[in-house]
Amino acid sequence: KYGCCCWRKAWLGGQLYYNKNMAHLLLAEDDADIRDTLKRLLEHIGHSVVAVSDGAQASSALNEHNFDLMITDLIMPNSEGIENIMVARRDYPQLPIIAMSGGGANRAESYLEVAEKLGASIFKKPVAPRELIAEIERLLS
């Protein structure tokens with residue numbers, strides 16, 4: 001873990017938030033607004049974030065970096081999030097994964113079910129920042 005002895009404090013929704021588990025995160029999200037917002041939020045609370053816009057980039061990043069956690073959208077171009085979760089489970093079985101989706105009610109629900117069966121924590125979009133941060137902290141502790 002990065003900075004295991006350091007605490008990072010930040011304001012989140014009008015409350016002071018302390019982060020003691022700074023980590024190196026992979027964020028795979030094809031929606032630029034969501035990707036940029038999540039990246040800024042996660043960096044603001046002290047994590048280092050590699051943000052990519054599609055599944056192929058996520059797969060490459062997994063091979064190039066040593067991540068502490070992966071956050072992935074499930075419906076993306078060039079390789080679905082499910083494929084990346086399967087690769088991560090095969091090559092990095094201990095890597096904590098958070099999967100999120102909001103595209104198409106039935107498709108998103110079935111993808112989230114598959115992601116959960118593969119051991120990922122799941123979130124339906126829109127994701128509440130406090131809930132996402134709490135899950136990241138839980139997975140990193």
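The values are calculated or read from the model by the stated rules, or taken from the named source; none is laboratory data. It should be emphasised that the depicted structure is a prediction, and the values quoted were computed from it without experimental measurement. Note that each Cβ is placed from the backbone with ideal geometry, even for glycine, and that neighbours are counted across all protein chains shown. We work out accessible area using only protein heavy atoms, side chains counted, and drop any ligands, DNA or RNA first. Shrake-Rupley method; radii C 1.70, N 1.55, O 1.52, S 1.80 Å.
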If you take the residues in region 120-137 that are modelled with pLDDT of 95 or more, in contact with a Phe, Trp or Tyr (Cβ under 9 Å, 6 or more places away or on another chain) and not hydrophobic (A, V, I, L, M, F, W, C), which one is most open to solvent (accessible area, probe 1.4 Å)?
Glu131
Counted residues in region 48-94 being open to solvent by less than 10 Å² (accessible area, probe 1.4 Å) and not β-branched (Val, Ile, Thr) come to 11
